[in-house]
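Structure record follows, encoded as structure tokens.
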Amino acid sequence: MIIHVISLFPGMVTGPLSESMGRIAQDKGLLELKPVDLRAFCPGRHAVADDAPYGGGGGMVMKAEPVLAAIRSCKQSSPSARVVYLSPAGRRLDHASVLALSKLDSLVLLCGHYEGVDQRALDLAVDEEISIGDYVLTGGETAAVVLVDAVMRQIPGVLGDPQSAVQDSFFGGLLDFPHYTRPETVEGLKVPEVLLSGDHRKIAQWRRRQALRVTRERRPDLLEDAGLTVEDRRFLGDKEGKQR
């Protein structure tokens, strides 16, 4: 997968993604991260990328022309790339949208800064706006790192163990179950006996129920679309489960 990231500060993206799974994905040739310095598309000796907003007000606005030039440059080498603007006004990034993005051959991520990007650039060249949450960041670079990290985990071959992605939170609509490793006792707290039993059926059942419990306690809104079985509903004490 090829991901172009257009930014005034591309080092904010390349730095974090040169470590851990980001480095492994690139070393394997499964992810090609192409940072694009927006200032390279800004005319003049000072490569000015922003200007004061029409209508007055505080802050500066990223100019349309360099943004359009940068996007079109990326599209020359990746003509089918989907162009995404990281914006608090975009739709919320979730597991379903991550899976959809991971199936694409290429992406262009536009990182905003200051007060945002001239709307005309968005109208002319952006396919979609995505937000990672209801808060404001200094720029879109941090959001781009989050999106790339989430997407690359779903690319086949990136993770050493394919089951790791299957067991992630939100896969199947639930939060993850608790995890334990050696030693068996830590400051008086023991590993649940079922995990030491060697009975894989019971372990799978325990993990499913723990995922249900954690989700009910912390994100009950997820249960509505989680595709619960009758057994799941019985465990949760759902009236429908009891009736069946």
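Which order do the peptides 197-206, 137-146 take when ranked by the mean count of other beta-carbon atoms within 10 Å per residue, highest first?
Values: 197-206: 11.8, 137-146: 20.8.
Going from most to least packed, we get 137-146, 197-206.
Take peptides 47-56, 6-15 and line them up by average Cβ neighbours within 10 Å, highest first, as a rough protection proxy. If you can, show how the numbers build up before the last one.
Numbers: 47-56: 12.6, 6-15: 19.8.
Top of the packing list down: 6-15, 47-56.
Can you tell me what share of the DSSP beta bridges in the chain is antiparallel? A percent to the nearest 5 is fine. Among the beta bridges of the chain, antiparallel pairing accounts for roughly 20 percent.
Distance distribution note for the range 1-90: the fraction of Cα pairs above 15 angstrom is 67%.
Restricting attention to the chain, the count of lysine pairs at 8 or more positions apart or across chains with alpha carbons under 30 Å apart stands at 10. Distance between the pseudo-spin-label points of Ala204 and His179 (7 Å out from Cα toward the beta carbon): 2.1 nm.
Size descriptors for the chain, from the alpha-carbon set: Rg then Dmax equal 22.5, 74 Å. The relative contact order of the chain, computed from alpha carbon pairs under 8 Å that lie at least 6 residues apart in sequence, is 18 percent.
Would you calculate a helix-derived [θ] at 222 nm for the chain, using -39,500 (n - 2.57) for each DSSP H run of n ≥ 4 and dividing by the full residue count, to the nearest 500? Present the calculation step by step, with values, prior to reporting the outcome.
On the way: 10 runs with 89 residues, N = 244.
Theoretical 222 nm ellipticity from helices: -10000 deg cm²/dmol.
Dipole of the chain computed with +1 at Lys/Arg Cβ and -1 at Asp/Glu Cβ about the Cα centre; of Val48, Ile3, Val61, farthest Cα towards the positive end is Ile3.
Taking the Cβ of Arg91 as the center, what net charge do the other residues with Cβ under 15 Å away carry, scoring Lys and Arg +1 and Asp and Glu -1? Walk me through the intermediate numbers first.
Details: positive: Arg82, Arg92; negative: Asp94, Asp127, Glu128, Glu129, Asp134.
Net charge in that neighbourhood comes out at -3.
Just to confirm a number: summing +1 for Lys and Arg and -1 for Asp and Glu over residues other than Asp50 whose beta-carbon lies under 15 angstrom from that of Asp50, what do you get? Net charge in that neighbourhood comes out at -2.
None of the figures in this text is laboratory data; all of them are computed from the coordinates on show. Predicted, not measured: the structure shown is a model, and the values here were computed from it. Methodologically, a virtual Cβ is constructed for each residue, glycine included, from the backbone with ideal geometry; neighbour enumeration extends over all protein chains shown.
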